[in-house]
1. Assuming a ≥ b ≥ c are the square roots of the Cα gyration tensor eigenvalues, decide whether the stretch 80-160 counts as rounded (a/c under 1.5), prolate (otherwise, with a/b larger than b/c) or oblate.
2. Give me the percent relative contact order of the stretch 26-172, please, defined on Cα pairs under 8 angstrom at least 6 residues apart.
3. Which whole-number percent gives the relative contact order of the stretch 92-172, counting Cα pairs below 8 Å spaced six or more residues apart?
Amino acid sequence: MKAGFIFRFGGKAAAALVVLTWLAGGEGLAEYNRTPESDIDPNVFRIDEKKFLGTRIDPEYLMTDAYGVEFKMRDFLGKPLIIVLSYYRCDGVCSAINMELKGLIKKVESRLIGKDFNVLTLSFDKYDTVETTGRFVDALALPDYMTEVWRFAVMKNHEDIKKFTDGIGYKY
């Protein structure tokens, strides 16, 4: 299931496009061509679009990027924002989602990253650090023009992770 949602920052006209992807059990073949088995109902992870569409994101969320630079969500006001939620120590779908987005951004010719929209990959793993963020970015091997404008970050305050994900209806 892939879904995009529009959220608004604290009363401002700027919109954020949140790209959330979740691969639920039973949708693909696991290693050795086995069908994955899961007792988890994938509907548990669906976001209630009617409830969360248009939700305001607190512009004061404080984050630290892969270079140790602190910034706030408000720094993204003014243009659409793609937010990708990832674990930086994940050895599976998290890097695949970011790699896919990298490829899609390269293909878009009518809009330019950094000029027409911004991208933020944000960890929702309280154990991620600036160091794990940096390793994740290095492994993606982004072109220079993307590295300058695609931010990878962790929440400065770990309690904000749960507040943020709850606020946009993201369950994990």
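1. Working: a/c = 2.03, a/b = 1.59, b/c = 1.27.
In terms of gyration-tensor shape, prolate.
2. Numbers: 184 pairs, mean separation 45.6, N = 147.
Relative contact order for the stretch 26-172 comes out at 31 percent.
3. Details: 52 pairs, mean separation 29.3, N = 81.
36 percent.
Just so you know, all these numbers are worked out from the coordinates, no wet-lab data involved. This one's a predicted model, so the numbers in the text were calculated from it and none came from an experiment.
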